[in-house]
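The values are calculated or read from the model by the stated rules, or taken from the named source; none is laboratory data. For clarity, every value in this text was computed on a predicted model and none was experimentally measured. Here the Cβ positions follow ideal geometry from the backbone for every residue, glycine too, while neighbour counts run over all protein chains shown.
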Amino acid sequence: MKPPHLKRSSWGASVKHQIIKTNSINMHFVEQGQGPVILLCHGFPETSYSWRHQLPALAKAGFRAVAPDLRGYGETDRPEEIDQYTLFHLVGDMVGLLDAIGEEQAVIVGNDWGALLAWHAALIRPDRFNGVVALSVPMMAQPPVRPTTLFPQTKEELFYALYFQSPGIAEKELERDVSFSLHKIFFALSGDAGPHESNGETPKHLNMMASRTEGFLATLPDSYSLPSWLTDTDLRIYAEAFSKSGFRGPLNYYRNMDRNFELMAALKGLKISVPALFLIGEKHVGLPGMKQMISGMSKLVPMLQDSVALPGMGHWLQQEDPEKVNSAIISFARN
């Protein structure tokens, strides 16, 4: 008998693994518990495993917690074509997932790209997603021009999202040593590494700029030890997943930023009409203009209940501070 791979054997017997058909792809997800659905959407570079601390807590609180590997990740299909990774595809995947598991509605929760997905799922389909909890990435207004024209770049460096645009370049760098790549990214964006914004600025080594000659990882801080919230086993599970899937699918999310801008033009001015909660780490590495985005978010999300900064935390909130995140999600979903 073939032994289960590391990821599945680490979840425990109470977590169910399933593969369903949604929006023309096969999607793997894990679930635990019974009750109203809370749909958990991971970011980059994560998988459903990033919600390992949430599933048992939400199940114990009386919810059905469902965490998919998003398209391109883990055991879910990874279409080759770049244009198959727009926000409309991602929202469609989540609608299809609810249909496949026989549920009409869910509170949708997301971190990083999962937060963008969660915001837009609530924006486009409030009939299916009756609440949204977004981690790390605020709801943003439609920019006046294509997003890639707004990101900073110099002769020596360019913003990481620009570096990710050319197919094959970032893949080659990140896949050279998957475990090393994940280690650097997880540490650099966690509260363990910073930033400390005492002067309102992000330190240069965390400005998310990639070197034109040395790549993305070279600009991130080194750490011989893992961040406090990540174990050797956790890292091996992530490395196993990305060694199998590669990084092309996940990077294709970034390669659709301008396409999303064009497609979302039809939704300009539309506001999110369901209750919402926003959580961010106090040491989060922000996008350009992040503070202004957060302060202006209530105009886009009229039913925003709160914006909470978690002390000492970075970008990986559900992994760095699971107790506070679990408590916030449960309290929100019960109201």
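Among the residues in segment 300-323, are any surrounded by 15 or more Cβ atoms within 10 Å (Cβ to Cβ), under 30 Å from A59 (Cβ atoms) and hydroxyl-bearing (S, T, Y)? Yes, segment 300-323 contains at least one residue that is surrounded by 15 or more Cβ atoms within 10 Å (Cβ to Cβ), under 30 Å from A59 (Cβ atoms) and hydroxyl-bearing (S, T, Y).
Among the criteria (1) surrounded by fewer than 23 Cβ atoms within 10 Å (Cβ to Cβ); (2) in contact with a Phe, Trp or Tyr (Cβ under 7 Å, 6 or more places away or on another chain); (3) not in a loop (DSSP other than H, G, I, E, B), the one D99 does not fulfil is (2).
The condition of being at pLDDT 95 or above and of a type in the set (G, A, S) holds for only one of A106, A141, that being A106.
Contact annotation: residue pairs with Cβ atoms under 8 Å, 6 or more positions apart or on different chains, pairing a residue in segment 238-249 that is over 15 Å from Y85 (Cα atoms) with a partner that is at pLDDT below 95 and of a type in the set (D, E, K, R), are E240/K7; A241/K7.
A Cβ distance below 6 Å, combined with a sequence gap of six or more or placement on separate chains, defines the contacts here; from segment 156-178, residues that are free of Cβ contacts under 8 Å to residues at least 12 places away in the same chain and over 24 Å from N260 (Cβ atoms) reach no residue that is polar (S, T, N, Q) and buried (at least 18 other Cβ atoms within 10 Å of the Cβ). The single residue among P138, P126, P152 that is within 25 Å of Q54 (Cβ to Cβ), surrounded by fewer than 16 Cβ atoms within 10 Å (Cβ to Cβ) and not aliphatic (A, V, I, L, M) turns out to be P126. Here is a list: I329, I237, I272. Which entry is closer than 30 Å to A170 by Cα and β-branched (V, I, T)? Being closer than 30 Å to A170 by Cα and β-branched (V, I, T) holds for just one of I329, I237, I272, which is I237.
From S14, S10, S50, S24, grab the single residue that is touching a His at 6+ places or on another chain (Cβ under 6 Å) and among the polar types (S, T, N, Q). Can you show your working first?
Working: S14 fails: touching a His at 6+ places or on another chain (Cβ under 6 Å); S10 fails: touching a His at 6+ places or on another chain (Cβ under 6 Å); S24 fails: touching a His at 6+ places or on another chain (Cβ under 6 Å).
The conditions single out S50.
Per the listing N111, N26, the residue uniquely out of contact with any Lys or Arg (no Cβ under 9 Å at 6 or more places or on another chain), of a type in the set (S, T, N, Q) and crowded, with 24+ Cβ neighbours inside 10 Å is N111. The requirement of being closer than 27 Å to E320 by Cα and either touching an Asp or Glu at 6+ places or on another chain (Cβ under 8 Å) or not charged (D, E, K, R) (or both) is satisfied by P36. Restricting attention to segment 224-258, the residues that are within 19 Å of V137 (Cα to Cα), in contact with a helix residue (DSSP H, G or I) (Cβ under 7 Å, 6 or more places away or on another chain) and part of a helix (DSSP H, G or I) add up to 6.
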